[in-house]
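Asker: Shown below is the structure under consideration.
The values are calculated or read from the model by the stated rules, or taken from the named source; none is laboratory data. Keep in mind it's a predicted model, so treat the numbers as computed, not measured. Positions of Cβ are generated from backbone atoms using ideal geometry, with glycine treated the same way; all protein chains shown enter the neighbour counts.
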Amino acid sequence: MNTSVGSTARLIGAGLRALLVLTVICGVLYPLAVTGIAQALFHDKANGSEIKDKSGQVVGSSLIGQSYNLPKKDPTDAEEAARPDLKWFQPRPSGGLGSNSVNTQYSLIVSGATNKAADNEDLVNAVEEARAAVVADNSTADHKVEPSDVPADAVTSSGSGLDPHISPAYAALQVPRVAERNGLTVEQVKKLVEENTEGRTFGFMGEPRVNVLGLNTALKALTARS
């Protein structure tokens, strides 16, 4: 009996020592090493690819799109449709897959595409309504937008629904409206778009794109100077 108790005690002791060693290695040393390497070599990405305004305040992440809407007339009315704040560049549409009380910039609870076929009646109607809204919102006294001018990303959401980028074509379409709403010249806003346009990754992967949050942050700084 004593031998059995002694063997059991040794096994328990060995298990506890292994637990302690593995906890220190896997639960302390490894996370510290990974965090240290990430902070040293990829500081910006490790911290969430944050975008800061001129004052140094974090305004969001370059990896996740944001909406730029006017405040609701009735904050308690969940059915009230969002109205875009037209002094800002607008992102791609985001249909939303559920309610989200954490990030009120979105109605998304999970990200994802609509998974509707190209000939789906609801999708076709949504695209047509979005195109009409883009034409109406971006036409100014000196610049008339035609339906044929509207690029695909202006009326369709991305696969994730959280795309932070728009095409240079969609950004260019919004330039006259943004210039008019902010008391800037078209040339000033065009230059801003050019400065915030990213090329293809490694010169050949993907398409040129404009990060909407980065562009609007630069727009805010420009209007403050003006």
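Asker: Just to verify a result, which residue in region 193-226, among those that are part of a strand (DSSP E or B), surrounded by fewer than 19 Cβ atoms within 10 Å (Cβ to Cβ) and of a type outside the set (A, V, I, L, M, F, W, C), is modelled with the lowest pLDDT?
Answerer: First, pick out the residues of region 193-226 that are part of a strand (DSSP E or B): 197-198, 201, 205, 209-211.
From what is left, the residues that are surrounded by fewer than 19 Cβ atoms within 10 Å (Cβ to Cβ) are 197-198, 201, 205.
From what is left, the residues that are of a type outside the set (A, V, I, L, M, F, W, C) are 197-198, 201.
On the way: Thr197: 95, Glu198: 93, Thr201: 87.
Restricting to residues being part of a strand (DSSP E or B), surrounded by fewer than 19 Cβ atoms within 10 Å (Cβ to Cβ) and of a type outside the set (A, V, I, L, M, F, W, C), the top hit is Thr201.
Asker: Can you tell me which of (1) assigned by TED's automatic domain parsing to the domain that holds Ala172; (2) without any contact (Cβ under 8 Å) to a residue 24 or more places away in the chain is the one Ile25 doesn't meet?
Answerer: (1)
Asker: Which of the residues spanning region 148-170 are farther than 18 Å from Ile64 by Cβ and among the hydrophobic types (A, V, I, L, M, F, W, C)?
Answerer: Val150, Ala152, Ala154, Val155, Ala169
Asker: While we're here: Give the residues of region 47-68 that are surrounded by 15 or more Cβ atoms within 10 Å (Cβ to Cβ) and not in a loop (DSSP other than H, G, I, E, B), sorted by residue number.
Answerer: The answer is Ile51, Val59, Gly60, Ser61.
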